[in-house]
Amino acid sequence: MTGVRVTKRDVMPRNKEYAVRLLAVALSIVFAGVILLLFGLNPIKIFQSLIVGSIGTKMRIKQTLIKAIPLCIASLGISVAFKMKFWNIGAEGQITLGATAATFVALNLGSDVPRPLMLAAMMIAAVVAGGLWAFIPAIFKARLGTNETIFTLMLNYIAIKFVMYLQYGPWIDPAAQGFPKIAKFSGNAVLPDVFGVHAGWIIALVLVAFVYVFMNKTKKGYEVNVVGQSVETARYAGMNIGSIIVVAMLMSGGMCGIAGMIQASAIEKSLTYSIGNNYGFTAIITAWLARLNAVAILFVCIAFAMLIQGGAYIQIAMNVPSSVASIVQGTILFFVLGSEFFLQYRIVRMRDAQKEVA
Amino acid sequence: MQTFLATCIVAGTPLLFAIIGEIMTERSGSLNLGVEGMMLLGAVAGFVTAMSTKNPGLALLGAALAGAGGALIYAILTVTFRANQTVTGLTLTIFGTGVTSFIGQPLLGSTIPSEVSAFFAKRALPLLSDLPFIGRILFRQDVFVYFGYALCIVSAVYLYRTRPGLNLIAVGENTAAADASGIRVDAYKYAHILAGGALCGLGGAYLSIVRIPIWQVDVVAGRGWIAVALVIFASWNPLKAFFAAMLFGGLSILGLRLQAMGLSFSQYLVDMVPYLATIVIVILSTRKDGKGNLGPANMSRPYFREDR
């Protein structure tokens, strides 16, 4: 008797697990190459250009890092929520509102406020706004059990429409001669450069350490893990699930808010409705690929920032739409998602299985 | 008033297809958050096929196949490889968005050929269109809309009155029991995820071929996500899906209507209304006591026979 059968496997050794994941990424790149071929592009040339475009010159490395910063911070925020199996896909809106609050402070506090004070005030405002935007779905989830996926997603659209309203309405810069633009920040509201890249990278590294310590070394972080593993267990252990959800979501949204503040302060030096630039969605992929591990997030985000920057480069240099990068991103995640099967299950040939029984 | 209601139907039709598609998918126990991505794939595939073949039938076929193709990726990963449904669906949306904007970039600003537009022109149905009041609303529409009416009825009959439909409900409610009673669970899941994807693709094609026959960036604009929410509102029932779709079609054109009446306000604030209303519906359909609107009991759970 032959045939195959799927059975659950015991825990896989670490090195074998990494091998499976690496194999998945390698296969996904081959597969992405095939997709590019189908679109009539030369995959080798595209991949080469993605690398040249992202780390080929000092300037491009800087651009890659600048893109890794918001991605990394938003991924950290998402990872805390996802650990709890709270599907926060509202990062884009939380980024947007964080940026909006920071802009409100930057434009109203005056240009004579000392820079550190101004930046601190902007950051606090961004944390509050991003956190608040995450708090709304969190409190409904905690109190009523409302589905958070759609709730957080709809809040993205509302946040973006709100900034459109501001940009075309009350916040329009009279000096822009009718163009729907919000005023540029004065110098004291702009993040300074440190070693050639704006100081957001320091914030990102601090947050990596913070999330790592929170998730692995604190009681609250442990509780977040337990709620994610099993709500029943958490309840049995006497944990206050509602308050855990709310605290974790405040952190999640707060961090996304910081990402927005950094984009407004260092990149746009103003606010636009597209300030989120899809980082909030890409961060979902990176957080998952990093298995919601803070340190891994850092490296995955740098790799993805290379894809984003490389994508921007090929658009200009080769006249290939930058969306190639998101096709490659999606393909990588598909393969990694598929590979998780092989970590949990193994395929046994029927005859072998019978032997095991005998 | 009648004109407004007739426009609600036009605006609601893409939602209708997507909602019924997602109902079929969720009834099989799969929550596919890739609706937005599949609608985009359908929109671009339908548009490209319409441009190159000038044949409306082929355009619809292309859209359905593209949506089903996206759904196939989802089905392989979640059914066969038992991957996390939430993340897989989200990835499908990101992937679909990427593929669509890649294919769509050179098409920006192109219009649907007149042969195809003519096929989707408004046609009054004999007799029915003369019915008082509702005739003008329901029966002076394009063929795609009529197709939508038929879809509602056919899918409701399928779901509640046929053996495969009832089996499908069993798969979603209690996968293990369905499996034990000899239903081929995986085949049911695959078939309905693919059919759901095809319908989402058609919903997208209605947008790009009929509603806005000029290719533009992000034609779907979040309607896929609204459809996912409206499945809850329709309580997984294809007939109720009709009312959900029309109500939200109406909300999405409310701004234009009010402006036409001479009221002045920010367009962007009115644009928020459908999204806000979706949130209200998600909140209202939450029942803590576990009764009613929770959907198929075994949704989002990967099924593994040995776990039984």
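Can you tell me which residues in the range A:3-24 are touching a residue at least 40 places away in the same chain (Cβ under 8 Å) and either open to solvent by less than 50 Å² (accessible area, probe 1.4 Å) or out of contact with any helix residue (DSSP H, G or I) (no Cβ under 6 Å at 6 or more places or on another chain) (or both)? Write out each step before concluding.
In the first step, residues of the range A:3-24 are kept if they are touching a residue at least 40 places away in the same chain (Cβ under 8 Å); the result is A:3-9, A:12, A:17, A:20-21, A:23-24.
Residues satisfying the conditions are A:G3, A:V4, A:V6, A:T7, A:K8, A:R9, A:M12, A:E17, A:V20, A:R21, A:L23, A:A24.
So A:P192 clears everything in (1) in contact with a His (Cβ under 9 Å, 6 or more places away or on another chain); (2) surrounded by 17 or more Cβ atoms within 10 Å (Cβ to Cβ) except one condition, right? Which one?
Against the list (1) in contact with a His (Cβ under 9 Å, 6 or more places away or on another chain); (2) surrounded by 17 or more Cβ atoms within 10 Å (Cβ to Cβ), A:P192 comes up short only on (2).
Assuming B:L256 fulfils every condition listed in (1) over 24 Å from B:G89 (Cα atoms); (2) at the interface with chain A (Cβ under 8 Å from one of its Cβ atoms); (3) modelled with pLDDT of 75 or more apart from one, which condition is it?
(2)
Looking only at residues that are under 19 Å from A:F31 (Cα atoms) and at the interface with chain B (Cβ under 8 Å from one of its Cβ atoms) in the range A:340-351, which one is farthest from the chain's Cα centre (by Cα)?
A:F341
Out of curiosity, is A:V52 of a type in the set (A, V, I, L, M, F, W, C), closer than 28 Å to A:V320 by Cα, surrounded by fewer than 16 Cβ atoms within 10 Å (Cβ to Cβ) and away from chain B (no Cβ under 14 Å)? Walk me through it before giving the result.
Numbers: of a type in the set (A, V, I, L, M, F, W, C): yes; closer than 28 Å to A:V320 by Cα: yes; surrounded by fewer than 16 Cβ atoms within 10 Å (Cβ to Cβ): yes; away from chain B (no Cβ under 14 Å): yes.
Yes.
Restrict the check to the range B:84-103 and report whether at least one residue is within 14 Å of another protein chain (Cβ to nearest Cβ), more than 22 Å from A:I308 (Cβ to Cβ), outside any helix (DSSP H, G or I) and open to solvent by less than 60 Å² (accessible area, probe 1.4 Å).
So far as the range B:84-103 goes, yes, one or more of its residues are within 14 Å of another protein chain (Cβ to nearest Cβ), more than 22 Å from A:I308 (Cβ to Cβ), outside any helix (DSSP H, G or I) and open to solvent by less than 60 Å² (accessible area, probe 1.4 Å).
Residues of the range B:28-38 being buried (at least 24 other Cβ atoms within 10 Å of the Cβ) and over 16 Å from B:A244 (Cβ atoms), which ones? I'd like the intermediate steps shown before the answer.
Taking the range B:28-38 first, the residues buried (at least 24 other Cβ atoms within 10 Å of the Cβ) are B:28-30, B:32-38.
Once the filter is applied, which keeps residues that are buried (at least 24 other Cβ atoms within 10 Å of the Cβ) and over 16 Å from B:A244 (Cβ atoms), the range B:28-38 yields B:S28, B:G29, B:S30, B:N32, B:L33, B:G34, B:E36, B:G37, B:M38.
Results for (1) of a type in the set (A, V, I, L, M, F, W, C); (2) out of contact with any His (no Cβ under 9 Å at 6 or more places or on another chain); (3) crowded, with 24+ Cβ neighbours inside 10 Å; (4) in a helix (DSSP H, G or I), shown as yes or no for each residue.
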| site | (1), (2), (3), (4) |
| --- | --- |
| A:L97 | yes, yes, yes, yes |
| A:A101 | yes, yes, yes, yes |
| A:A106 | yes, yes, yes, yes |
| A:P116 | no, yes, no, yes |
| A:I136 | yes, yes, no, yes |
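Please enumerate the residues belonging to the range B:192-214 that are under 19 Å from B:D142 (Cβ atoms) and either aliphatic (A, V, I, L, M) or within 14 Å of another protein chain (Cβ to nearest Cβ) (or both).
B:L199, B:L202, B:A205, B:L207, B:I209, B:V210, B:I212, B:I214, listed by residue number.
Quick check on the range A:190-211: of everything there that is farther than 20 Å from A:M118 by Cα and assigned to a loop (DSSP other than H, G, I, E, B), which residue is modelled with the lowest pLDDT?
A:G196
Would you confirm, using the coordinates I've provided, whether A:T282 is in a helix (DSSP H, G or I), hydroxyl-bearing (S, T, Y) and either modelled with pLDDT of 95 or more or open to solvent by less than 60 Å² (accessible area, probe 1.4 Å) (or both)?
So A:T282 passes the test.
Would you pick out the residues in the range A:292-318 that are open to solvent by 40 Å² or more (accessible area, probe 1.4 Å) and facing another protein chain (nearest Cβ under 10 Å)?
Within the range A:292-318, just A:Q315 meets the criteria.
Going through the range B:1-56 one residue at a time, which ones are part of a loop (DSSP other than H, G, I, E, B), in contact (Cβ under 8 Å) with a residue 24 or more places away in the chain and more than 13 Å from B:G70 (Cβ to Cβ)?
Residues satisfying the conditions are B:S28, B:G29, B:S30, B:L31, B:K54, B:N55.
Taking only the range A:221-236 into account, find how many residues are touching a helix residue (DSSP H, G or I) at 6+ places or on another chain (Cβ under 7 Å) and either within 30 Å of A:G98 (Cα to Cα) or not polar (S, T, N, Q) (or both).
Of the residues in that region, 10 qualify.
Count, please, the residues in the range A:176-187 that happen to be under 19 Å from A:G98 (Cβ atoms), assigned to a loop (DSSP other than H, G, I, E, B) and open to solvent by less than 50 Å² (accessible area, probe 1.4 Å).
Adding up the residues that qualify gives 2.
Could you check the range A:150-175 and list, in sequence order, the residues that are more than 9 Å from chain B (Cβ to nearest Cβ), touching a Pro at 6+ places or on another chain (Cβ under 8 Å) and open to solvent by less than 40 Å² (accessible area, probe 1.4 Å)?
A:T152
Among all residue pairs at least 6 apart or on different chains, which show Cβ distances below 8 Å where the first residue, located in the range A:308-335, is assigned to a helix (DSSP H, G or I) and the second is of a type in the set (F, W, Y) and open to solvent by less than 20 Å² (accessible area, probe 1.4 Å)?
Matching pairs, first to second residue: A:Q329/A:F304.
Sort out which residues of the range B:216-247 are in a helix (DSSP H, G or I) and within 12 Å of another protein chain (Cβ to nearest Cβ), and write them in order of number.
B:R223, B:G224, B:W225, B:I226, B:A227, B:V228, B:A229, B:L230, B:V231, B:I232, B:F233
Give the residues of the range B:60-83 that are open to solvent by less than 30 Å² (accessible area, probe 1.4 Å) and either touching a strand residue (DSSP E or B) at 6+ places or on another chain (Cβ under 7 Å) or assigned to a loop (DSSP other than H, G, I, E, B) (or both), sorted by residue number.
B:A83
Go through A:A142, A:A126 for me and flag whichever is surrounded by fewer than 22 Cβ atoms within 10 Å (Cβ to Cβ) and touching a helix residue (DSSP H, G or I) at 6+ places or on another chain (Cβ under 7 Å).
On the way: A:A126 fails: surrounded by fewer than 22 Cβ atoms within 10 Å (Cβ to Cβ).
Being surrounded by fewer than 22 Cβ atoms within 10 Å (Cβ to Cβ) and touching a helix residue (DSSP H, G or I) at 6+ places or on another chain (Cβ under 7 Å) holds for just one of A:A142, A:A126, which is A:A142.
When A:A120 is evaluated against the numbered criteria (1) without any contact (Cβ under 8 Å) to a residue 40 or more places away in the chain; (2) open to solvent by 60 Å² or more (accessible area, probe 1.4 Å); (3) assigned to a helix (DSSP H, G or I), which criterion, by number, is the only one it fails?
Unmet condition: (2).
Just checking, how many residues over the range A:74-132 are more than 14 Å from every other protein chain (Cβ to nearest Cβ), more than 13 Å from the chain's Cα centre (by Cα) and either farther than 30 Å from B:S300 by Cα or small (G, A, S) (or both)?
33
Being open to solvent by less than 20 Å² (accessible area, probe 1.4 Å), over 25 Å from the mean Cα position of the chain (by Cα) and either under 28 Å from B:G37 (Cβ atoms) or free of Cβ contacts under 8 Å to residues at least 60 places away in the same chain (or both) is true for just one of B:S129, B:S114. Which residue is that?
That would be B:S129, the only listed residue that is open to solvent by less than 20 Å² (accessible area, probe 1.4 Å), over 25 Å from the mean Cα position of the chain (by Cα) and either under 28 Å from B:G37 (Cβ atoms) or free of Cβ contacts under 8 Å to residues at least 60 places away in the same chain (or both).
Would you mind stating whether A:G98 is under 23 Å from A:I297 (Cβ atoms) and touching a Cys at 6+ places or on another chain (Cβ under 7 Å)?
yes
Please find, among B:T278, B:T286, the residue that is hydroxyl-bearing (S, T, Y), under 20 Å from the mean Cα position of the chain (by Cα), modelled with pLDDT under 90 and surrounded by 15 or more Cβ atoms within 10 Å (Cβ to Cβ).
On the way: B:T286 fails: under 20 Å from the mean Cα position of the chain (by Cα).
Residue meeting the stated conditions: B:T278.
The values are calculated or read from the model by the stated rules, or taken from the named source; none is laboratory data. In this text the structure is predicted, and so the values were computed from the model without any measurement. Neighbour counts run over all protein chains shown; Cβ positions are idealised from the backbone, glycine included. What goes into the accessible areas is simple: the full protein's heavy atoms, side chains included, and nothing from ligands, DNA or RNA. Shrake-Rupley method; radii C 1.70, N 1.55, O 1.52, S 1.80 Å.
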